[in-house]
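Notes follow once the structure below has been shown.
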Amino acid sequence: MSQKNETTVLALALLLTVGIVGGGFWWFTNRSGVKIGNTIIPNQQTGSNPSLKDRISFGEKTLTSGDISPAKKEGVQAIAAKSYDQAIANFTAALKLNRNDPEALIFLNNARIGSKSYTIVASVPIGTDPNAALEILRGIAQAQNQVNSSGGVKGVPLKVGIANDDDNPEIAKQIASSLVSNPEVLGVVGPNTSDSTLAAGTIYTSGQLVAVSPTSTSVKISNFSRYVFRTVPSDFMAARSLANYMAKTLQKKNAAVFFNSQSNYSQSLKSEFVSSVSLEGGQVSSEFDLSKVDFSAAKSLEQATKQGAEVLMLAANTETLDKALQVIQINQKKLILLAGDDVYTAKTLEIGREQAVGMVLAVPWHIDSDPKSDFPQKSRQLWGGDVSWRSALSYDATVALIEALKRNPTRLGVQEALASSDFSAIGASGTIRFLASGDRNAPVQLVKIVPGSRSRTGYDFEPVR
């Protein structure tokens with residue numbers, strides 16, 4: 001593709017981004033509060049760098065920014081003043097205005113708690129990836145709401161704290177140290193990224209505090225620690241599914257991979273895909289590092305084509321999603337597209353649009369993948385829209401901690417329960433059991449981007465049957 005054509009395509013993509021995201025996202029999220037695609041878009045953070053104290057809240061301060069209703073502000077002030085009846089009234093009113101705010105629901109449930117509770121904390125990237133943070137918090141809030149409304153953990157309510165780790169490994173470690181030093185904290189849901197989980201996991205291990213990540217997929221986390229578990233399948237499973245689909249269904253042999261060398265997740269998914277394609281009798285003829293400052297989507301595609309690539313595998317992470325979307329636009333549906341779960345976002349539907357139709361992604365769960373599950377219906381009733389795989393897997397992480405607390409509500413007891421060969425719990429994505437490695441032995445779901453109306457973008461993710 002010529003430089004002129006590349007510039008034209010990128011300019012069109014930018015116009016789509018500004019017009020659709022700036023206009024459609026604002027109208028839809030602010031007027032209806034319902035999800036776009038599989039994500040509910042929140043307001044962005046201001047970019048400030050809060051102190052560690054300001055990064056953790058049980059309701060006495062809000063960690064989300066943007067337009068916060070007066071009712072929610074008053075609820076936070078009431079909890080800080082220990083006026084819990086007032087806080088309950090305030091948060092109840094706030095949720096009537098914005099029913100899909102998981103922070104408000106968590107704080108409401110915390111305000112309802114008396115003197116005794118069991119405490120867990122969510123470590124999420126509110127400051128840098130608010131979409132993912134809110135998705136994760138919805139799953140946690142739903143599980144907390146469910147257990148507390150049905151009598152608690154053997155009669156004891158569950159309190160949930162929220163920590164903003166910004167998906168930064170160093171901040172995640174600082175938060176881990178703070179939580180380890182708080183004896184009331186009996187478990188952690190998170191962190192989000194594999195890099196943060198690996199960094200903070202060393203602190204959780206030394207403090208003998210269990211962390212269950214719903215979203216960290218790097219193969220390095222397998223057998224990493226007796227105190228680090230995850231409810232999401234590893235990249236090994238996702239890579240195998242994609243490679244198998246490429247070889248058996250698509251009957252293609254040659255792929256090019258786009259990845260971020262600075263991300264544990266992206267590196268892991270890329271490496272596992274290369275190995276899996278080889279086992280299927282194919283080859284990865286080209287690898288392109290999205291993190292390089294001189295990365296060119298057009299030049300990379302030209303090189304991949306010259307080397308015989310029939311398939312483009314996008315192992316992008318959140319930080320390099322925009323560059324992956326450039327690849328999608330410039331590809332113009334010429335080569336078949338595959339992708340990992342970080343590409344599963346509303347932004348992909350909005351910016352990729354027709355050029356992304358047909359792309360197949362490996363994700364841990366899809367809301368339409370199990371017709372027998374009652375989780376989708378309950379989540380729709382609670383939030384007023386569909387939830388993503390991040391919500392489902394964080395719900396599962398919280399359910400696992402709740403089940404472990406039922407067995408033995410101590411830090412050591414939680415670890416022993418989760419590691420036990422007879423441990424099981426029923427989650428959004430089926431039965432939750434952990435291998436000795438800390439992994440969950442669960443399949444992944446392949447989904448495809450198709451034209452559709454459910455997301456109100458004109459495109460949807462739907463399961464590959």
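Could you list, in sequence order, the residues of the range 336-356 that are among the aliphatic types (A, V, I, L, M) and in contact (Cβ under 8 Å) with a residue 60 or more places away in the chain? The answer is Ile336, Leu338, Ala346, Leu349, Ile351, Ala356.
Checking each residue in the range 290-331 for being open to solvent by 30 Å² or more (accessible area, probe 1.4 Å) and closer than 19 Å to Asn254 by Cβ picks out Lys299, Glu302, Gln303, Thr305, Lys306, Gln307, Gly308, Glu310. When Gly281 is evaluated against the numbered criteria (1) open to solvent by less than 20 Å² (accessible area, probe 1.4 Å); (2) in contact with a Lys or Arg (Cβ under 8 Å, 6 or more places away or on another chain), which criterion, by number, is the only one it fails? With (1) open to solvent by less than 20 Å² (accessible area, probe 1.4 Å); (2) in contact with a Lys or Arg (Cβ under 8 Å, 6 or more places away or on another chain) applied to Gly281, the lone miss is (1). For the range 428-465, filtering for residues that are farther than 28 Å from Thr249 by Cβ and modelled with pLDDT under 95 leaves 1.
Can you confirm whether Glu74 is part of a loop (DSSP other than H, G, I, E, B) and of a type outside the set (Lys, Arg)? So Glu74 fails the test.
With respect to the conditions (1) assigned to a loop (DSSP other than H, G, I, E, B); (2) surrounded by 19 or more Cβ atoms within 10 Å (Cβ to Cβ), Asp342 falls short on a single one, namely (1).
Would you mind finding the one in Gln267, Gln262 that is out of contact with any strand residue (DSSP E or B) (no Cβ under 7 Å at 6 or more places or on another chain) and either within 19 Å of Thr217 (Cβ to Cβ) or part of a loop (DSSP other than H, G, I, E, B) (or both)? Step by step, each of Gln267, Gln262 is checked, and only Gln262 is out of contact with any strand residue (DSSP E or B) (no Cβ under 7 Å at 6 or more places or on another chain) and either within 19 Å of Thr217 (Cβ to Cβ) or part of a loop (DSSP other than H, G, I, E, B) (or both).
If you go through the range 126-144 and keep only what is acidic (Asp, Glu) and either open to solvent by less than 10 Å² (accessible area, probe 1.4 Å) or part of a helix (DSSP H, G or I) (or both), you end up with just Glu135. In the range 308-334, the residue that is farthest from Ser286 (Cα to Cα) out of those that are in a loop (DSSP other than H, G, I, E, B) and of a type in the set (A, V, I, L, M, F, W, C) is Ala316. The set of residues from the range 396-409 being within 14 Å of Lys378 (Cβ to Cβ) and in contact with a Pro (Cβ under 8 Å, 6 or more places away or on another chain) comprises just one member, Asp396.
Among the residues that make up the range 382-395, is at least one of them open to solvent by 30 Å² or more (accessible area, probe 1.4 Å), at pLDDT 95 or above and within 22 Å of Ser225 (Cα to Cα)? No, there is no match, as no residue in the range 382-395 is open to solvent by 30 Å² or more (accessible area, probe 1.4 Å), at pLDDT 95 or above and within 22 Å of Ser225 (Cα to Cα). Within the range 345-380, the set of residues being closer than 11 Å to Ala392 by Cβ, among the hydrophobic types (A, V, I, L, M, F, W, C) and assigned to a loop (DSSP other than H, G, I, E, B) comprises Trp365, Ile367.
Filtering the range 77-118 to residues that are over 23 Å from Asp386 (Cα atoms), in contact (Cβ under 8 Å) with a residue 24 or more places away in the chain, of a type in the set (A, V, I, L, M, F, W, C) and assigned to a helix (DSSP H, G or I) leaves Ala78, Ile79, Ala87, Ile88, Ala111.
The residue that is surrounded by the most Cβ atoms within 10 Å (Cβ to Cβ), among those in the range 357-381 that are more than 22 Å from Ser241 (Cβ to Cβ) and in contact (Cβ under 8 Å) with a residue 60 or more places away in the chain, is Ser379.
The values are calculated or read from the model by the stated rules, or taken from the named source; none is laboratory data. In this text the structure is predicted, and so the values were computed from the model without any measurement. Quick reminder, even Gly has a Cβ in these numbers, built from the backbone with ideal geometry, and neighbours come from all protein chains shown. Each accessible area value is taken on the protein alone, full model and side chains, heavy atoms only, with ligands, DNA and RNA left out. Shrake-Rupley method; radii C 1.70, N 1.55, O 1.52, S 1.80 Å.
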